[in-house]
Amino acid sequence: MSFQTDTIHAGVAPDKAYGAIMTPIYQSSTFVFEDIGKTRGFDYTRSGNPTRKALEDSLAALEGCSCAVAVTTGMAAIATVMHLFQSGGEIICTDDCYGGTARLLSTFAEHFNIRVHFINLRNIEGISEYVNEKTRAIWIETPSNPLLNLVDIAAVTAFAKARGLLSIVDNTFLSPYLQQPFKLGADIVVHSTTKYLNGHSDVVGGAILSNHPDLDEKLKFLVNALGTCAQPFDCWLVLRGIKTLVPRMKEHERNARIVAEFLDSHAKVTRVFYPGLESHPQHELARRQQRGFGGMVSFELTGGQAEVERVLRGTRIFALAESLGGVESLIEHPATMSHASMSSEHRLAAGITDSVIRLSVGIEDPDDLVADLRQALA
Ligand SMILES: *Cc1c(COP(=O)(O)O)cnc(C)c1O
């Protein structure tokens, strides 16, 4: 089936009891056994749940892999994956990753004696310097948050494979519709389904995907052992969101391009970060490894803090809020909001100055979005 057909049908079959076309919400902690030692496929919701399984089957079909596990949040996905590694190991991570990822990975470094090197993964030759016999994995996030830098997934996974390291890709920013990391050599993919996959800002959720029998079993074991599994109602919401993933992503992308071009031509904007602009230093890589450019746009303003605050307070449609990927447009200030949990040294080293503003472009009428930004910048 094509991707778009899979978003509607994969993992979902009319309910066996009454033929309900929508997957029922099995809001039950436990399941009655048919006989001693004989279940109807499920025994306890932490270990498995029919609504969760429908979402997991859908996600595995969309990412093109053998296993998906739905967990409570994107951070739960990342925390669960980190349990694959043992004390004494080392991990290499992209330096401008999601703020919560940086915080969690640094905490792990301290508490569990796992060393994490945050480095610029755009420079492939530079990675070798950080690889030694203790290195276990390379953590990729592309496009990055909030600067929309890209990592060449195929090049980094090839580098990792040649050295026996796992490649993990956070695919939240593009969704499986716009980027397919397993086809580019990834071993594990993580998602915050809170963002584009659900797309309606009404649930927090996460997913871990893998494509190797050994990893599949380990990850399922960890989710059951740690209890990081997603709740049935949350799974149902994400499953419903996925059905409109393709048309939503097309609208997000169309609007983001219009907004990026408007900002690019504005006198008060010094830089626009959007991989769809030809001026983006990695535009060619974006064309090669992504099906599209996504709905996130960041920009840097001239003027100081007062000007940044004026714009953040001045929009009427773009709401001042963290998160991204919902149908409504959001504006935020990485230095004090989404990336406040990163140390200021780490932020500045990654190029996230205090003048950067991030937009999650929604699916409103693009004329209204441009008019809103125009009046806020005036
Ligand atoms: C939001 C986000 C996360 C964390 O997900 P939650 O659902 O908020 O826990 C991880 N990675 C990226 C890229 C994100 O945008």
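The mean accessible area for residues of the chain, using a 1.4 Å probe and ignoring ligands and nucleic acids, is 42 Å² per residue. What is the projected area of the convex hull of the Cα atoms of the stretch 174-274, averaged over all directions, in nm²? Averaged projected hull area, Cα only: 8.6 nm².
DSSP assigns beta bridges within the stretch 3-242; of those with both partners inside it, close to 45 percent run antiparallel.
Here the chain yields Rg over Rh of 0.98, to two decimals, using C-alpha coordinates and the Kirkwood radius. Can you pull the percent of the chain's accessible area that's carbon plus sulfur, 1.4 Å probe, other chains left in place? About 53 percent, which is the carbon plus sulfur part of the accessible surface.
Remark: the stretch 229-330 carries a charge dipole of roughly 320 debye about the Cα centre, counting +1 on each Lys and Arg Cβ and -1 on each Asp and Glu Cβ.
Scanning the chain for helices, which whole DSSP H stretches are 24 Å or more long along the axis (Cα) and average -1.0 or more by Kyte-Doolittle?
The qualifying helices are 245-264.
Remark: the stretch 245-377 projects, on average over all directions, an area of 7.9 nm² (convex hull of Cα atoms).
Of the residues SER28, VAL308, GLY351, the one whose Cα sits farthest towards the positive end of the charge dipole of the chain is SER28 (charges of +1 on Lys and Arg Cβ, -1 on Asp and Glu Cβ, taken about the Cα centre).
Counting only lysines at least 8 places from LYS183 when in the same chain, those with an alpha carbon closer than 25 Å to its own are LYS53, LYS161, LYS195, LYS218, LYS220, LYS243, LYS250.
Convex hull volume of the Cα atoms of the stretch 63-160, normalised per residue: 114 Å³. Per-residue Karplus couplings for the stretch 267-281, computed as 6.51 cos²θ - 1.76 cosθ + 1.60 with θ equal to phi - 60°, are listed in order as 5, 8, 9, 8, 8, 10, 10, 7, x, x, 7, 4, 6, 5, x Hz, Gly and Pro entered as x.
Treat the stretch 1-128 as a sphere of radius equal to its Kirkwood radius over Cα pairs and apply Stokes-Einstein at 10 °C in a medium of 1.306 mPa s; give the translational diffusion coefficient in µm²/s, rounded to a whole number. Rounded to a whole number, D works out at 88 µm²/s. Other residues whose C-beta falls under 11 angstrom from the C-beta of LEU277 contribute a net charge of -1, scoring Lys and Arg +1 and Asp and Glu -1.
The values are calculated or read from the model by the stated rules, or taken from the named source; none is laboratory data. From a predicted model like this one, the values you see are computed outputs, not experimental measurements. Cβ atoms come from the backbone with ideal geometry, glycine included; neighbour counts cover every protein chain shown. Ligands, DNA and RNA are excluded from the accessible area calculation, which covers all protein heavy atoms including side chains. Shrake-Rupley method; radii C 1.70, N 1.55, O 1.52, S 1.80 Å.
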